[in-house]
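Some notes on the structure that comes next.
The values are calculated or read from the model by the stated rules, or taken from the named source; none is laboratory data. Just so it is clear, the model here is predicted, and its values are computed rather than measured. Using ideal geometry, Cβ is built from the backbone for each residue, glycine included, and neighbour counts are taken over all protein chains shown. What goes into the accessible areas is simple: the full protein's heavy atoms, side chains included, and nothing from ligands, DNA or RNA. Shrake-Rupley method; radii C 1.70, N 1.55, O 1.52, S 1.80 Å.
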Amino acid sequence: MKKVVKFGGSSLASAEQFRKVGDIIHADAARRYVVPSAPGKRSSNDTKVTDMLYDCYAAAANGDDITEKIDAIKSRYQEIIDGLGLQLTLDEEFSVIRAKFEEGAGSEYAASRGEYLNGIVMAAFLGYEFIDAAEVIRFDENGTFDAETTNEQMSARLEAVERAVIPGFYGATADGTIRTFSRGGSDITGSIVARAVHADLYENWTDVSGFLVTDPHIVPNPETIETVTYRELRELSYMGANVMHADAIFPLRKEGIPINIKNTNRPEDPGTLIVESTCRQPKFTITGIAGKKGFCAINIEKAMMNTEIGFGRKVLQVFEENGISFEHVPSGIDTFTVIVHQTEFMEKEQRVISGLHRAVQPDTLDLESGLALIAVVGRGMRAQRGTAGRIFSALSHAHINVKMIDQGSSELNIIIGVRNEDFEAAVKAIYDIFVLTHL
Ligand code: ADP
Ligand code: ASP
Ligand code: MG
């Protein structure tokens, strides 16, 4: 048995948390490859080391004196080192980091130091070899992750290594420039390592007992999902269930390696198993609900647009030319709607509007901002009739106006658009109807 274990920021926020992690690793000899995140929040009003690093780098780039900010970051690590009684000093590392910040090494370099330093601490604590992710995880010059070169380098490097610590979140280009994944990216590093060593299981340890049916900030103590497929996970993570990075399944999909989400504070809980496919039926009709606020709908109306060949392409081309990606395009006979991220769209709004007038001469064109999208996801929905109807009736009982509904062709998800201010109430209403009343 070979397991890769990734620990998130809250699992490594203090010496006490490190001890729990040590106990978990020592409890199972198969836990051979460890991927740590940077220290996270010790309490709800604390700051993650990653955020402290971004902030410190911004100050350095501004020409400010960063002594205090660097000291604050250093003390986060010193507290852990002292609490664990380790004979380790990071003085030299910090003088390099400070010099690099001052010479403008880039915000990705800055952010990556959180994981890099925590990897050094973790390796010293466990007595495992430390392998710098910059050596084994490759990005191309544009900052795009290079999966195949990485897999070759990582497999070769780990082949004869029995146990190692590989920090999460970053890698480097061929010339050694440090690049990072997007936020939450240590989950991806764990997957990359699991693929490279042909692991039997990838354990992702965090501060909740698995993938929950919905965000615990919206519904208190939601049910835990026992088993979820890669595809369901992707839909849910992409739409805001940030317990797992949406891109973390790609390296694993190639080998069908399962992921087990586990709670560092409650290691006895079974957590959630994420698998390629399963014949296990989900407990409820739906597997999960996730969502995000901050979308804008561009509604285009034109009589007989459905007979106009190339209409959709011309509309989408305007968005493409302005560098805007779209989320959904629900359409009717004479209407075509494009849903985009509001922040991305706002600054280019007028250019897009005039571009659309020129491209397709619409009868009317209007914008609706302040929308939230909710994804109701579940492999079980395919076998059930009337899921969309049940969602509608739950929302109308809660006096929520549905702005848009879009069912994915996979029948795996239904996307619902509501006003931002109705978002939480809508998620609760959908949770209640499918989970509490168990329909
Ligand atoms: P880590 O630091 O371990 O990577 P994250 O903060 O990235 O942890 O992810 C865990 C958090 O994700 C949980 O504490 C929870 O608040 C949040 N979360 C949002 N949606 C969900 C969900 N559907 N299931 C579980 N956790 C969720
Ligand atoms: N530390 C990084 C972040 O805060 C990566 C991670 O936690 O996965 O986004
Ligand atoms: Mg995370």
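Some observations on this one:
- Spatial offset of region 142-196 relative to region 374-398 amounts to 39 Å, using the alpha carbon center of each.
- Of the cross-linked pairs Lys41/Lys403; Lys100/Lys254; Lys41/Lys293; Lys6/Lys292, those separated by over 31 Å at the C-alpha level are Lys41/Lys403; Lys100/Lys254.
- The chain, dipole about Cα centre (Lys/Arg Cβ +1, Asp/Glu Cβ -1), debye to the nearest 20: 1320 debye
- Whole-percent carbon and sulfur share, accessible surface of the chain, 1.4 Å: 47 percent
- Mean projected area of the Cα convex hull of region 1-112, taken over all directions, amounts to 7.8 nm².
- R0 of 51 Å, Cβ-Cβ distance Glu162-Ile333: FRET efficiency to nearest 0.05: 0.20
- Cut-off 12 Å between beta-carbons: net charge of the residues surrounding Gly256, Lys and Arg +1, Asp and Glu -1: 0
- Summed side-chain charge close to Thr364 - residues other than Thr364 whose Cβ falls under 11 Å, Lys, Arg +1, Asp, Glu -1: -3
- Extension gain from Leu367 to Ser410, taking 0.36 nm per residue of separation minus the Cα-Cα distance: 12.6 nm
- Test item: Cα-centred dipole of region 349-421, Lys/Arg +1 and Asp/Glu -1 on Cβ, debye: 340 debye
- Probe 1.4 Å - accessible area at Glu203, Å² to nearest ten: 10 Å²
- Here the sum of -39500 (n - 2.57) over DSSP H runs of 4 or more residues, divided by the residues of the chain, equals -11500 deg cm²/dmol at 222 nm, to the nearest 500.
- Here is the list for region 97-188: GluC sites (Glu not before Pro) lying in DSSP coil, each with at most 12 other C-beta atoms within 10 angstrom of its C-beta, are Glu103, Glu141, Glu159, Glu162.
- The chain - convex hull of the alpha-carbon atoms, volume per residue in Å³: 166 Å³
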